[in-house]
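I'd like to ask some things about the structure below.
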Amino acid sequence: MNWTNIQLIWFRELRDQLRDRRTMFTIAVLPLLLYPMMGMAFLRVTQFLQEHPSQILLLGADRLPPSPPLVVDGQLASPVCPENEAALLRLTVQDRHTDRETIESVQDFATAAIARGDYDAVIWFPEDFARRLNAFRRQVDRIEDSDSKENELGKIQVPSPHLFANLADDKSRIAHDRIERILRRWQDQVVREILLSHELPEAVIRPFALRSRDVSDEPFRRAAVWSKVLPFVVLIWALTGAFYPAIDLCAGEKERGTLETLLCSPALRSEIVWGKLLTVTTFSAVTALLNLFSLVLTGILLFGRLMAMEAGLDVGAPPMSSILWLTLALLPISALFSALALAVAAFARSSKEGQYYLMPLLLLTLPLMILSLLPAAELNPGSSVIPVTGLMLWLRALIENDYASALRYALPVFGVTAACAWLSVRWAVRQFEDESVLFRESEQFGLGLWVQHLIRDRGNTPSIAESLACGFIILIATFFGSLYVQPAADWAGLSRVIVATQIGLVAAPALIMTVVLTRRPAQVLLLQRPRWSTVPAAVLLAVCLHPTVVLVAQQIQAMYPLSDEVIRAMQPLADALRQAPWWQVVLVIALAPAVCEELAFRGFVLSGLRHLGSTTAALVISSLFFAVTHGMLQQSLSAFGVGLVLGLIAVRTGNLFPCIAYHLAHNSLTVLLGRVSSEPDSLPGWATWVLHPSGNVDLEVGYTTPALVASVILSALLLTWFHRLPYERSAEETLKQRIAAHRK
Amino acid sequence: MIHVRDLSKHYADLKLGQVQALAEVSFDADAGQVFGLLGPNGAGKTTALRILATMLRPTAGVATVNGYDVVTQAPAVRRQIGVVSGGTAVYDRMTAWELVEHFGRLHGMQREALRQRMESLFDRLQIRPFRDVLGAKMSTGMKQKVSIARALIHDPPVLIFDEATSGLDVLVARALLKTIAELREQGKCIVFSTHIMREAERLCDQIAIIHGGRILAAGTLPSLRQMHGEQDLEELFFRLIA
């Protein structure tokens, strides 16, 4: 790549965007106006909320006891309702709303009155309230025998006053909360009077007071709030700031017809992408920065004012150090979002279409951002490697001055972010190299036409889109299948569920799509006669690699421990596996997935993905599908690695049988090790060379260190052997090889 | 300069199925010649020229430009060519000067040499009066002149004009054809696609009549007339595609 070309394209695009008023408005003007205007609106709304009094109707005033007083001269009595609270209440007092009052008639009356907006809440004291309350007091006075007190008092039921409010309506809910607070105070006074009549101090019901003290310093308390708000705002704007330039630079150029001139220039496609990427990244970063500065400035002024007004908000101005950290972290964030936006926008034929395509990107990213805002979210080995979430938590740690955590997790957070950004850039470059993306034209679309096209124009092997569709169909089918099927209580039920899922939801979609959408099913599913040596070699590799896979799985489990709920939910499965005959376990847990999953993922999905022209990309994507079908994150991570090995075997041998053999051997070893774990004492003497009690609760038997070392060495040798096998390249892979040969 | 052998291109269309945009097309074009691709809309002219310009990859066959393979040596091919098409637009938010300068820089030209070349081209193509006008404010004729300047800035040995006169008024089209003739005199190899018989008759040294992705006839205009016993190119064209 030529840096001068990248720089030329970058600066040209920058100048182009700076001359575009729409972009300038979104990037520069909007952030500068948005937060001050939001601040103004907030102040107005706060004032409105503070000054808005609640309309309360009190029904049954004549049933109130004279002491302690709740209402005096049509107003709430001052001991239960301080002046500042009274100012927020407009009380209307009525004795009754009709001559024949029942709870139902009052509820109908209150519902209608609140719906009309006459009142925000209605409080009703039922018939006999005062009389029954007095009876209750007298009864308390009469009963001297403490043993019979509870029984005697239980006979007198004081009717409950009812508070009617529409809790779905904010105004009504606020009124409910205000009046409820006052009624509770009045209730306390009733209790206090009863206690005093028996010469008992109030401390009888509250022998001690619970006091809470906030030990945080004020700056840290402030930082805790801003550490959630600021990274979220910066990330959202980094994403939004990348959207419009990305659409304009890709779809916009296609629309205006200027992309062809650039494609005919000596700039490589990768140089074009990097030039455009730097432009989008610049605008993304500047948008986020301007928003950050505007928000912080508004925050300092607004919260300063609110604190001066004693508005009861415990939020101060954002810490200045947050600006420094967020600015530093902005480059990788913007680069990641810009690369993603560019790759997606490249697919669009017009700016309008680009907006449709970028919306799913926002919907995918938002949950990752929100994940970091959850109360339980914290920076740990597991969360640090989740894209976007890890970065937000890392920023939160920095803003909260938790530098030790930030330093500890800096490498995984930035490693994952950089890897994601790099993959996104590769994707964007690929989009710019794909003529079907660059020169896509509008064509008539109809469901019938499309189905006809799929069958009529089917190729020898599936297309990339068909492979991806198959992968997603399997994922969605297994997801809904897992929700629909009830967990089986015994081994017979469990085995039926597993086999039905594998055949019906994993193998069937791949087989149907192979028959309907391709011309050479045997070539698609790699079902030719295998080279004899590859099958035993695959079994040997599965055996040799198993200790390493188990170790990796244990490390993953240490990083992302299973919750107690999951362990409890898995217990019946573990029990059923232990009780079932071992050959049935191998048949159901090892053989069925080995055949079905290999047909789907190394057969149909991988065959189509080979049209990408990159074996690595095909392996990674097919392994991702394979991994995600494993449901639990912990299983998925190790399944991804196994999927890569299986993919390598499939590509290098051009045959599915070695893959099935590897998968069968791997699964068999896993279930057999699980069974041995339940009876570690039954291990024969020779087995102690390979296996030993691991001390792990879930897997009580592990591999010994010599077995692990031998595993790594032998696996490396076998993988090298597979890697050196001559193999048949797809047309796209051959072309890529020819181009690479010419570059050299 | 340009050698095309058995070039084919097909793609899948939802309605039509597998569309053969080009079927085993072969031709040669030499330096100092204008090679005309004459055909109706959808004949495969643009597909062939886009393959020569390395924007599309052929499904089969080989094409070389000045000795470089269009698939495996695409960046080298792009240094040898200048492309002007009827659909090529100019950047709305760049002036004529900025645009041509940008592409000159992409071709690795030094500042002073680039400036001199731009002065000369802007005079020759009469762009100077609107050199500081933004693309959005230019007329179609102005845009096409700027596109030609952009294609010529690095003085490429091969020029590709794909329906370059479409949408131009008579005066500008005439000036464009004059420019192409001058370029031929300078020894450039020019591939010129059109569906206008008059342009092909007037300008092309070699003509290939293309229809449905196949070359139906190829040769010099006199040889085509003699071969098919038809003096009028338009009649000859209709007879071939009928």
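Go through segment B:1-58 and give me each residue that's of a type in the set (Phe, Trp, Tyr) and under 14 Å from the mean Cα position of the chain (by Cα). Reasoning before the result, please.
First, the residues of segment B:1-58 that are of a type in the set (Phe, Trp, Tyr): B:11, B:27, B:35.
Listed by number, the list holds a single entry, B:Phe35.
Let me ask you something else. Filter segment B:85-98 down to the residues that are more than 9 Å from every other protein chain (Cβ to nearest Cβ) and at pLDDT 90 or above, then identify the one that is surrounded by the most Cβ atoms within 10 Å (Cβ to Cβ). Write out each step before concluding.
In the first step, residues of segment B:85-98 are kept if they are more than 9 Å from every other protein chain (Cβ to nearest Cβ); the result is B:86, B:95-97.
In the following step, the residues that additionally are at pLDDT 90 or above were identified as B:95-97.
Working: B:Thr95: 19, B:Ala96: 27, B:Trp97: 19.
By that ranking, first place goes to B:Ala96.
When you scan segment A:485-496, do you find a residue that is among the aliphatic types (A, V, I, L, M), away from chain B (no Cβ under 12 Å), in contact with a Lys or Arg (Cβ under 9 Å, 6 or more places away or on another chain) and under 26 Å from A:Ala569 (Cβ atoms), even just one? Explain how you work it out, then say what you get.
The initial filter retains those residues of segment A:485-496 that are among the aliphatic types (A, V, I, L, M), namely A:485, A:488-489, A:492, A:494.
Okay, now just the ones that are also away from chain B (no Cβ under 12 Å), so A:485, A:488-489, A:492, A:494.
Retained after the next criterion (residues that are in contact with a Lys or Arg (Cβ under 9 Å, 6 or more places away or on another chain)): A:488.
Next, only the ones that are under 26 Å from A:Ala569 (Cβ atoms) stay: A:488.
Yes: one or more hits.
Can you pull out the residues in segment A:553-597 that are over 21 Å from A:Thr501 (Cβ atoms) and touching a Pro at 6+ places or on another chain (Cβ under 9 Å)?
Of everything in segment A:553-597, those that are over 21 Å from A:Thr501 (Cβ atoms) and touching a Pro at 6+ places or on another chain (Cβ under 9 Å) turn out to be A:Ala558, A:Met559, A:Tyr560.
Same structure, new question: Quick one: would you say A:Val229 is crowded, with 16+ Cβ neighbours inside 10 Å, at pLDDT below 90 and not assigned by TED's automatic domain parsing to the domain that holds A:Leu393?
Details: crowded, with 16+ Cβ neighbours inside 10 Å: yes; at pLDDT below 90: yes; not assigned by TED's automatic domain parsing to the domain that holds A:Leu393: no.
Spelling it out, it is not the case that A:Val229 is crowded, with 16+ Cβ neighbours inside 10 Å, at pLDDT below 90 and not assigned by TED's automatic domain parsing to the domain that holds A:Leu393.
What pairs can you find where one residue is in segment B:212-229 and more than 30 Å from B:Gln18 (Cα to Cα), the other is part of a loop (DSSP other than H, G, I, E, B), and their Cβ atoms are less than 9 Å apart, with a gap of 6+ or different chains?
B:Thr220/B:Cys204; B:Thr220/B:Asp205; B:Leu221/B:Cys204; B:Leu221/B:Asp205; B:Leu224/B:Glu230; B:Arg225/B:Gln231; B:Arg225/B:Asp232
Applying the selection to segment B:53-84, what residues are within 22 Å of B:Ile207 (Cβ to Cβ) and within 10 Å of chain A (Cβ to nearest Cβ)?
B:Ala53, B:Ile81, B:Gly82, B:Val83, B:Val84
Could you list all residues from segment B:165-175 that are out of contact with any helix residue (DSSP H, G or I) (no Cβ under 6 Å at 6 or more places or on another chain) and within 11 Å of B:Thr194 (Cβ to Cβ)?
Scanning segment B:165-175 gives B:Ser166, B:Ala173.
Under the condition of being touching a residue at least 40 places away in the same chain (Cβ under 8 Å) and not aromatic (Phe, Trp, Tyr), which residue from segment A:709-723 is farthest from A:Ile649 (Cα to Cα)?
From segment A:709-723, those touching a residue at least 40 places away in the same chain (Cβ under 8 Å) are A:710-712, A:714-715, A:718-719, A:721-723; that's our starting set.
Filter once more, keeping what is not aromatic (Phe, Trp, Tyr): A:710-712, A:714-715, A:718-719, A:723.
On the way: A:Ala710: 21, A:Ser711: 18, A:Val712: 17, A:Leu714: 16, A:Ser715: 13, A:Leu718: 11, A:Leu719: 9, A:His723: 8 Å.
My answer is A:Ala710.
Additional query: Can you name the residue in segment A:244-279 that is hydroxyl-bearing (Ser, Thr, Tyr) and not in a loop (DSSP other than H, G, I, E, B) and, of all such residues, is nearest to the other protein chains (Cβ to nearest Cβ)?
Step one: list which residues in segment A:244-279 are hydroxyl-bearing (Ser, Thr, Tyr), which gives A:244, A:258, A:261, A:265, A:270, A:279.
Keeping just the survivors that are not in a loop (DSSP other than H, G, I, E, B) gives A:244, A:261, A:270, A:279.
On the way: A:Tyr244: 15, A:Thr261: 6, A:Ser270: 11, A:Thr279: 13 Å.
The extreme case among them is A:Thr261.
Looking only at segment A:6-34, filter to residues that are surrounded by 21 or more Cβ atoms within 10 Å (Cβ to Cβ) and under 21 Å from A:Val296 (Cα atoms); which one of those is nearest to the other protein chains (Cβ to nearest Cβ)?
Once the filter is applied, the top-ranked residue is A:Ile27.
Now a separate question. Mind listing just one residue for me: the one in segment A:156-170 that is outside any loop (DSSP other than H, G, I, E, B) and in contact with a helix residue (DSSP H, G or I) (Cβ under 8 Å, 6 or more places away or on another chain) and, of those, farthest from A:Ile123 (Cα to Cα)? First the steps, then the outcome.
Within segment A:156-170, the subset outside any loop (DSSP other than H, G, I, E, B) is A:162-165, A:170.
Now narrow it down to the ones that are in contact with a helix residue (DSSP H, G or I) (Cβ under 8 Å, 6 or more places away or on another chain): A:162-165.
On the way: A:His162: 6, A:Leu163: 4, A:Phe164: 6, A:Ala165: 9 Å.
If we take residues in segment A:156-170 being outside any loop (DSSP other than H, G, I, E, B) and in contact with a helix residue (DSSP H, G or I) (Cβ under 8 Å, 6 or more places away or on another chain), then A:Ala165 is farthest from A:Ile123 (Cα to Cα).
Return the total of residues in segment B:10-40 being within 14 Å of chain A (Cβ to nearest Cβ) and of a type outside the set (Val, Ile, Thr).
From segment B:10-40, those within 14 Å of chain A (Cβ to nearest Cβ) are B:10-22; that's our starting set.
Checking which are of a type outside the set (Val, Ile, Thr) leaves us with B:10-18, B:20-22.
Number of matching residues: 12.
To continue, here is another question. Check whether at least one residue in segment A:513-527 is under 22 Å from A:Leu669 (Cα atoms) and modelled with pLDDT of 85 or more, and report yes or no. Steps first, answer last, please.
First, pick out the residues of segment A:513-527 that are under 22 Å from A:Leu669 (Cα atoms): none.
The answer is no; no qualifying residue exists.
Does B:Arg50 satisfy being at the interface with chain A (Cβ under 9 Å from one of its Cβ atoms), farther than 10 Å from A:Ser265 by Cα and at pLDDT 90 or above?
Numbers: at the interface with chain A (Cβ under 9 Å from one of its Cβ atoms): yes; farther than 10 Å from A:Ser265 by Cα: yes; at pLDDT 90 or above: yes.
Yes: the conditions hold for B:Arg50.
Here's a follow-up. Scan segment A:67-107 for residues that are in contact (Cβ under 8 Å) with a residue 12 or more places away in the chain, of a type outside the set (A, V, I, L, M, F, W, C) and under 22 Å from A:Ala135 (Cβ atoms) and jot them down.
Residues satisfying the conditions are A:Ser67, A:Pro68, A:Asp95, A:Arg96, A:Glu101.
Also, I was wondering about something else. Assess whether A:Leu278 counts as being of a type outside the set (Asp, Glu), buried (at least 24 other Cβ atoms within 10 Å of the Cβ) and either without any contact (Cβ under 8 Å) to a residue 60 or more places away in the chain or touching a helix residue (DSSP H, G or I) at 6+ places or on another chain (Cβ under 6 Å) (or both). Let's see the steps before the verdict.
Values: of a type outside the set (Asp, Glu): yes; buried (at least 24 other Cβ atoms within 10 Å of the Cβ): no; either without any contact (Cβ under 8 Å) to a residue 60 or more places away in the chain or touching a helix residue (DSSP H, G or I) at 6+ places or on another chain (Cβ under 6 Å) (or both): yes.
No: the conditions fail for A:Leu278.
In the same structural domain as A:Val190 (by TED's automatic domain parsing), outside any loop (DSSP other than H, G, I, E, B) and modelled with pLDDT of 85 or more - does that describe any residue in segment A:145-154?
We begin by selecting, within segment A:145-154, every residue in the same structural domain as A:Val190 (by TED's automatic domain parsing); these are A:145-154.
Filter once more, keeping what is outside any loop (DSSP other than H, G, I, E, B): A:146-154.
Among the residues that remain, those that are also modelled with pLDDT of 85 or more are: none.
Within segment A:145-154 (the criterion being in the same structural domain as A:Val190 (by TED's automatic domain parsing), outside any loop (DSSP other than H, G, I, E, B) and modelled with pLDDT of 85 or more), the answer is no, since none of the residues qualifies.
Do any residues in segment A:479-496 that are in the same structural domain as A:Val588 (by TED's automatic domain parsing) and closer than 16 Å to A:Arg578 by Cβ have Cβ atoms under 7 Å from those of residues that are modelled with pLDDT under 80 and surrounded by 12 or more Cβ atoms within 10 Å (Cβ to Cβ), where the two are at least six apart or on different chains, and which pairs are they?
Here the result reads A:Ala489/A:Pro572; A:Asp490/A:Ala576; A:Trp491/A:Ala576; A:Leu494/A:Ala488; A:Leu494/A:Leu573; A:Leu494/A:Ala576, each pair linking segment A:479-496 to a residue that is modelled with pLDDT under 80 and surrounded by 12 or more Cβ atoms within 10 Å (Cβ to Cβ).
Quick check: is even one residue across segment B:219-237 outside any helix (DSSP H, G or I) and among the hydrophobic types (A, V, I, L, M, F, W, C)? Even if it seems obvious, please write down each step before you answer.
Of all residues in segment B:219-237, those outside any helix (DSSP H, G or I) come to B:219-220, B:229-232.
The next check asks that each one be among the hydrophobic types (A, V, I, L, M, F, W, C); those that pass are none.
For segment B:219-237, residues outside any helix (DSSP H, G or I) and among the hydrophobic types (A, V, I, L, M, F, W, C): absent.
Assigned by TED's automatic domain parsing to the domain that holds A:Val140, over 25 Å from A:Val140 (Cβ atoms) and among the β-branched types (Val, Ile, Thr): does that describe A:Ile182?
On the way: assigned by TED's automatic domain parsing to the domain that holds A:Val140: yes; over 25 Å from A:Val140 (Cβ atoms): no; among the β-branched types (Val, Ile, Thr): yes.
No: the conditions fail for A:Ile182.
Then there is this: What single numbered condition from (1) facing another protein chain (nearest Cβ under 9 Å); (2) at pLDDT 90 or above; (3) under 30 Å from A:Ile455 (Cα atoms) fails to hold for B:Leu7?
Tallying (1) facing another protein chain (nearest Cβ under 9 Å); (2) at pLDDT 90 or above; (3) under 30 Å from A:Ile455 (Cα atoms), B:Leu7 fails exactly one: (1).
Here is a follow-up. Could you please let me know if A:Thr389 is among the hydroxyl-bearing types (Ser, Thr, Tyr) and closer than 30 Å to B:Leu16 by Cβ? Break it down stepwise before answering.
On the way: among the hydroxyl-bearing types (Ser, Thr, Tyr): yes; closer than 30 Å to B:Leu16 by Cβ: no.
For A:Thr389, the condition - among the hydroxyl-bearing types (Ser, Thr, Tyr) and closer than 30 Å to B:Leu16 by Cβ - is not met.
If you don't mind, there's one more thing I want to ask. With respect to A:Trp450, determine if the residue is over 30 Å from A:Thr261 (Cα atoms), at pLDDT below 85 and buried (at least 17 other Cβ atoms within 10 Å of the Cβ). Full working, then the answer.
Numbers: over 30 Å from A:Thr261 (Cα atoms): yes; at pLDDT below 85: yes; buried (at least 17 other Cβ atoms within 10 Å of the Cβ): no.
Against the criterion (over 30 Å from A:Thr261 (Cα atoms), at pLDDT below 85 and buried (at least 17 other Cβ atoms within 10 Å of the Cβ)), A:Trp450 does not qualify.
How many residues does segment A:648-678 contain that are farther than 20 Å from A:Ala592 by Cβ and within 35 Å of the chain's Cα centre (by Cα)?
Here the count works out to 3.
Would you check which residues across segment A:391-421 are out of contact with any Ser or Thr (no Cβ under 7 Å at 6 or more places or on another chain) and free of Cβ contacts under 8 Å to residues at least 40 places away in the same chain and list them?
Once the filter is applied, which keeps residues that are out of contact with any Ser or Thr (no Cβ under 7 Å at 6 or more places or on another chain) and free of Cβ contacts under 8 Å to residues at least 40 places away in the same chain, segment A:391-421 yields A:Asp402, A:Tyr403, A:Ala404, A:Ser405, A:Ala406, A:Leu407, A:Arg408, A:Ala410, A:Leu411, A:Gly415, A:Val416, A:Ala419.
The values are calculated or read from the model by the stated rules, or taken from the named source; none is laboratory data. No experiment lies behind these values; they were computed from the predicted model shown. Cβ coordinates were reconstructed from backbone atoms using ideal geometry, including for glycine residues, and neighbour counts include every protein chain displayed.
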